Amino acid sequence: VVSCSFSPSDEYIAVASWSGRAKLWCTKTLEVKRTIHAHEDRLTCVTWHPSFDAAFEESKTVHLATGSVDCTARLWSWSGARLGSLEGHTDRLARIAMHPMGAHLGTCSFDRTWRLWDLERGTTILEQEGHSRPVYGLAFNSDGSLAVSGGLDGYARVWDLRTGRSISVLKGHAKAILAVDFSPNGYLVATGSEDHTARVYDLRKMETLSILPGHHSLIS
């Protein structure tokens, strides 16, 4: 198992594995509701659409996305129907993230870029460079105006999606960043690193708010 993601209502959890399959579990009964043979190669991440509703089981609405080491992300309905494939990265994918407005998907890659995709058209809107090593993690703030990317170069970058520009570099980690996320308040960013620490950054001051040193191994 490489990635888990709760549905917006917490009714289901999607689990991705190196087998290339994604399983959808009911959190109340602990039963597998669906198995999706998503990719022929290993999965790296799975994420839900923010407006997922199982009532539209047979529709052509995107409910899930998966990322793989085959360099692609794929879009799925709740029924397991494949609705699209996002192709363009030149190296394996790491984490992927749904934009909170539901019309876009972000993908991170070992080709040292992350991309923002239009889900309806299946095309790239932004191809963002800036990290000197692979991009491993990505998160959007609650209103969708900002993104933060975490790289194996040890830096996190904050991006303004309205302009496509990198507006800040969050420094401090001694090794690769393997996890990033926004607080619901929209201005705190948390990162997990191979240096065994987690950091919390305050974007209002563009500085480290706290360092959490409790782990004895990498935080992913």
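The values are calculated or read from the model by the stated rules, or taken from the named source; none is laboratory data. Given the structure is predicted, the values throughout are model-derived calculations rather than measurements. Cβ placement follows ideal geometry from the backbone for every residue including glycine, while neighbour counts extend to all protein chains displayed. Just the protein is used for accessible areas: all its heavy atoms, side chains included, with ligands, DNA and RNA removed. Shrake-Rupley method; radii C 1.70, N 1.55, O 1.52, S 1.80 Å.
Considering only the range 63-84, state which residues are closer than 12 Å to R115 by Cβ, part of a loop (DSSP other than H, G, I, E, B) and open to solvent by less than 20 Å² (accessible area, probe 1.4 Å). First the steps, then the outcome.
Of the residues in the range 63-84, the ones closer than 12 Å to R115 by Cβ are 67, 71-73.
With part of a loop (DSSP other than H, G, I, E, B) added as a condition, the list becomes 71-72.
Of everything in the range 63-84, just one residue is closer than 12 Å to R115 by Cβ, part of a loop (DSSP other than H, G, I, E, B) and open to solvent by less than 20 Å² (accessible area, probe 1.4 Å), namely T72.
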- Can you spot a residue in the range 150-168 that is open to solvent by less than 30 Å² (accessible area, probe 1.4 Å), small (G, A, S) and without any contact (Cβ under 8 Å) to a residue 24 or more places away in the chain? no
- Every listed condition ((1) assigned to a strand (DSSP E or B); (2) crowded, with 21+ Cβ neighbours inside 10 Å) holds for H173 save (1)
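Residues E11, E87: which one is within 25 Å of P134 (Cβ to Cβ) and open to solvent by 10 Å² or more (accessible area, probe 1.4 Å)?
Working: E11 fails: within 25 Å of P134 (Cβ to Cβ).
It is E87.
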- Message: Condition check: touching a Cys at 6+ places or on another chain (Cβ under 7 Å), farther than 28 Å from E127 by Cα and β-branched (V, I, T). Does I36 satisfy that?
- Response: no
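Mind listing whichever residues of the range 21-48 are under 23 Å from L138 (Cα atoms) and either small (G, A, S) or open to solvent by 80 Å² or more (accessible area, probe 1.4 Å) (or both)?
R21, A22, A38, R42
Are any of the residues in the range 26-49 part of a helix (DSSP H, G or I) and without any contact (Cβ under 8 Å) to a residue 40 or more places away in the chain?
If we filter the range 26-49 for residues that are part of a helix (DSSP H, G or I), which is where we start, we get none.
There is no residue in the range 26-49 that is part of a helix (DSSP H, G or I) and without any contact (Cβ under 8 Å) to a residue 40 or more places away in the chain.
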- Task: Say whether the condition of being open to solvent by 50 Å² or more (accessible area, probe 1.4 Å) and within 15 Å of M206 (Cα to Cα) is met by at least one residue in the range 123-134.
- Result: no
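Results for (1) more than 26 Å from V148 (Cβ to Cβ); (2) at pLDDT 95 or above; (3) out of contact with any Pro (no Cβ under 6 Å at 6 or more places or on another chain), shown as yes or no for each residue.
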residue: D10; (1), (2), (3): no, no, yes
residue: W18; (1), (2), (3): yes, yes, yes
residue: T27; (1), (2), (3): yes, yes, yes
residue: D53; (1), (2), (3): yes, no, yes
residue: V69; (1), (2), (3): no, yes, yes
residue: R95; (1), (2), (3): no, yes, yes
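Which residue out of S166, S145 is over 18 Å from W117 (Cβ atoms), more than 14 Å from the chain's Cα centre (by Cα) and among the polar types (S, T, N, Q)? Explain how you work it out, then say what you get.
On the way: S145 fails: over 18 Å from W117 (Cβ atoms).
Checking each option against the conditions leaves just S166.
Does the range 129-144 contain any residue that is touching a Cys at 6+ places or on another chain (Cβ under 7 Å), hydrophobic (A, V, I, L, M, F, W, C) and outside any loop (DSSP other than H, G, I, E, B)?
The answer is yes, given that some residue of the range 129-144 is touching a Cys at 6+ places or on another chain (Cβ under 7 Å), hydrophobic (A, V, I, L, M, F, W, C) and outside any loop (DSSP other than H, G, I, E, B).
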